[in-house]
Amino acid sequence: MTDFSQLTVETVPAYVAQRPALARRIRSTGELDVVEVGDGNLNLVFIVRDAEGGSLVLKQSLPHVRTDPSWPMTRERSAREALVLKTHEGADARHVPALYDVDGDDYVLAIENLDDHVVWRTELNEGRPHGYAAGEIGRYVARTAFHTSIFGLDPLEQKKLAAAAINPELCEITEDLVFTEPYIEHAHNAVLRGNEADVAALRADRRLLTEIGIAKYRFMTSAQSLIHGDLHTGSVFVREASGTPGAGAAAATGTSVRAFDSEFGFFGPTGFDLGILWANLVIAAARARALGEADRTQHILSLPAELWNAFEAESRALWPARRDPRVFGDEVLEALLTEFREDAAVYAGAEAIRRIVGFAKATDIETLEPGLREGAARAVLRAGRALIVERRGLTSVEALSSETAAIFDETINPAEL
Ligand code: SR1
Ligand code: MG
């Protein structure tokens, strides 16, 4: 009997052959091409292809953090990701990969192969912003939020789903890495020597720390909708339209944007998903600014507003279909949109700061040479702080992005600008 507890390129063909749910996805009787492509913090990921064009992805949870084997991690996250993926597929199939199979014994998910897409962060780093993706993700967040909230679901079903989607261990990682560790001395933290004073200033800022404490409390207690939980630019696949429309299906492919890697999903604050993406766009813009790319910086800084505007428009479009309009009148939607926007800004600020100070850094900044990295990191820290403390005074995403741009102008000074 083959041991599938930790898949390898060699054991994947036998694994696929014994999963009945995969028989219609891939022909396992012939030779299979298998490559391991995982580059995240947590999992093994294989792309599997047969000789007839069939393909799929296998994702297996390791019992520890991939990049730190001494850090144990529950393998049950695999079942939790499956629940988020299945539920989000029901709410917005256009924006997630299809789920083919769930193996609870060996902690393996089989999902749609999207290797005709590229990871958004990689593209941003290469100077290809794929701006259309911001609006698509805004619609994805609106649809998944509405259809998993009490506005879209029967209240009894919604509570059962919230119970099934509980994800304590992965929530704890976010609670620690995003909301606590950046603000204390911790072995996970590291910054350039030139940024140490920037971090000390944040830690001495009582107003900021109070906002972070409240944001953490809300993250831990606001069960608004089944969120993705880790919606950064490395969790989004993008594909630009190509080919000639009308020249046949094989000749043309449409634009496609998919949110993947939802293992951190749970019932949390809807604004969290928006905020995580917003922060990572700020980080991408800081990279562009440090490299002296003024137009690209401006373009990337316009994307948080596109994200928000699409979210808001889709939320308004879904609102007439809400359950129980007797007390959930239109004024409630206005109040909720304000709350979601303010939450998005505070979570964006927290995410921006942690990606500079804490354990899981962003390649956008890390791959800059140190002379540019220091200023870019300082700019992200200051922009993060401003998103948090100024979100109630600057009441639009556009105004907050203008503030981010002004901070970049003051903080980043490449010779060519
Ligand atoms: C130990 S996991 C570190 C980070 O990787 C994931 O993508 C999440 O962002 C988490 O915070
Ligand atoms: Mg991930």
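The residue that is most open to solvent (accessible area, probe 1.4 Å), counting only those in the stretch 99-120 that are under 22 Å from Ala162 (Cα atoms) and of a type in the set (A, V, I, L, M), is Val102.
If the condition is being part of a helix (DSSP H, G or I), surrounded by 15 or more Cβ atoms within 10 Å (Cβ to Cβ) and not hydroxyl-bearing (Ser, Thr, Tyr), then the stretch 57-86 contributes Arg77, Ala79, Arg80, Glu81, Ala82, Leu83, Val84, Leu85.
Against the list (1) within 30 Å of Phe267 (Cβ to Cβ); (2) touching a strand residue (DSSP E or B) at 6+ places or on another chain (Cβ under 9 Å), the condition Gly40 fails is (2). Here the stretch 400-417 is the region considered, the condition is being touching a Gly at 6+ places or on another chain (Cβ under 9 Å) and of a type in the set (A, V, I, L, M), and the residue that is surrounded by the fewest Cβ atoms within 10 Å (Cβ to Cβ) is Ala415. The residue list Ala310, Ala305 contains one member that is touching a Gly at 6+ places or on another chain (Cβ under 9 Å) and either at pLDDT 95 or above or not aromatic (Phe, Trp, Tyr) (or both), which is Ala310.
Can you confirm whether Gly54 is among the small types (Gly, Ala, Ser) and open to solvent by 30 Å² or more (accessible area, probe 1.4 Å)? Spelling it out, it is not the case that Gly54 is among the small types (Gly, Ala, Ser) and open to solvent by 30 Å² or more (accessible area, probe 1.4 Å). Would you confirm whether any residue within the stretch 142-151 is among the charged types (D, E, K, R), within 18 Å of the chain's Cα centre (by Cα), at pLDDT 95 or above and not in a loop (DSSP other than H, G, I, E, B)? Yes: the stretch 142-151 contains one or more residues that are among the charged types (D, E, K, R), within 18 Å of the chain's Cα centre (by Cα), at pLDDT 95 or above and not in a loop (DSSP other than H, G, I, E, B).
Look through the stretch 163-216, keep the residues that are of a type in the set (A, V, I, L, M, F, W, C) and within 16 Å of ligand 2 (Cβ to nearest atom), and return whichever of them is surrounded by the fewest Cβ atoms within 10 Å (Cβ to Cβ). If we take residues in the stretch 163-216 being of a type in the set (A, V, I, L, M, F, W, C) and within 16 Å of ligand 2 (Cβ to nearest atom), then Cys171 is surrounded by the fewest Cβ atoms within 10 Å (Cβ to Cβ). Would you confirm, using the coordinates I've provided, whether Gly90 is open to solvent by 30 Å² or more (accessible area, probe 1.4 Å), closer than 28 Å to Glu136 by Cα and away from ligand 1 (no atom under 16 Å from the Cβ)? Taking the combined requirement at face value, the residue satisfies it.
So is Asp3 without any contact (Cβ under 8 Å) to a residue 12 or more places away in the chain, away from ligand 1 (no atom under 16 Å from the Cβ) and not assigned by TED's automatic domain parsing to the domain that holds Phe359 or not? Can you show your working first?
Details: without any contact (Cβ under 8 Å) to a residue 12 or more places away in the chain: yes; away from ligand 1 (no atom under 16 Å from the Cβ): yes; not assigned by TED's automatic domain parsing to the domain that holds Phe359: yes.
Answer is yes for this residue.
Of Arg392, Arg323, all but one fail to be in contact with a helix residue (DSSP H, G or I) (Cβ under 9 Å, 6 or more places away or on another chain), closer than 17 Å to Leu274 by Cβ, basic (Lys, Arg) and surrounded by fewer than 19 Cβ atoms within 10 Å (Cβ to Cβ); the exception is Arg392.
Within the stretch 152-197, the set of residues being touching an Asp or Glu at 6+ places or on another chain (Cβ under 9 Å), in a helix (DSSP H, G or I) and of a type outside the set (A, V, I, L, M) comprises Pro155, Glu169, Thr174, Arg193, Gly194, Asn195.
Any idea which of Thr2, Thr8, Thr67 is closer than 19 Å to Glu263 by Cα and not hydrophobic (A, V, I, L, M, F, W, C)? Walk me through how you get there before you give the answer.
Working: Thr2 fails: closer than 19 Å to Glu263 by Cα; Thr8 fails: closer than 19 Å to Glu263 by Cα.
Of Thr2, Thr8, Thr67, the one residue that is closer than 19 Å to Glu263 by Cα and not hydrophobic (A, V, I, L, M, F, W, C) is Thr67.
Looking only at residues of the stretch 25-51 that are under 26 Å from Met73 (Cα atoms) and assigned to a loop (DSSP other than H, G, I, E, B), we find that the one that is farthest from the chain's Cα centre (by Cα) is Val37.
Return the only residue of Leu42, Leu7 being of a type in the set (A, V, I, L, M, F, W, C) and out of contact with any Lys or Arg (no Cβ under 9 Å at 6 or more places or on another chain). Before the answer, list the steps.
On the way: Leu42 fails: out of contact with any Lys or Arg (no Cβ under 9 Å at 6 or more places or on another chain).
Among Leu42, Leu7, only Leu7 is of a type in the set (A, V, I, L, M, F, W, C) and out of contact with any Lys or Arg (no Cβ under 9 Å at 6 or more places or on another chain).
For Gly275, are the conditions met, namely being within 16 Å of ligand 1 (Cβ to nearest atom) and either part of a helix (DSSP H, G or I) or of a type outside the set (Gly, Ala, Ser) (or both)? Taking the combined requirement at face value, the residue satisfies it.
Here's the yes/no breakdown for (1) assigned by TED's automatic domain parsing to the domain that holds Arg193; (2) open to solvent by less than 30 Å² (accessible area, probe 1.4 Å); (3) among the polar types (S, T, N, Q); (4) farther than 30 Å from Gln158 by Cα:
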site	(1), (2), (3), (4)
Ala294	yes, no, no, yes
His299	yes, no, no, yes
Pro304	yes, yes, no, no
Ala317	yes, no, no, no
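Against the test of being within 16 Å of ligand 1 (Cβ to nearest atom) and among the charged types (D, E, K, R), the options Glu366, Glu331 yield a single qualifying residue, Glu366. Checking the stated criteria, Leu44 turns out to be hydrophobic (A, V, I, L, M, F, W, C) and either surrounded by 20 or more Cβ atoms within 10 Å (Cβ to Cβ) or within 16 Å of ligand 1 (Cβ to nearest atom) (or both).
Remark: pairs (first residue in the stretch 71-85, not assigned by TED's automatic domain parsing to the domain that holds Asp101; second residue part of a helix (DSSP H, G or I) and open to solvent by 40 Å² or more (accessible area, probe 1.4 Å); Cβ separation under 9 Å; 6+ apart in sequence or on different chains) are absent.
The values are calculated or read from the model by the stated rules, or taken from the named source; none is laboratory data. No experiment lies behind these values; they were computed from the predicted model shown. In this analysis, Cβ positions are derived from the backbone assuming ideal geometry, glycine residues included, and neighbour counts consider all displayed protein chains. Each accessible area value is taken on the protein alone, full model and side chains, heavy atoms only, with ligands, DNA and RNA left out. Shrake-Rupley method; radii C 1.70, N 1.55, O 1.52, S 1.80 Å.
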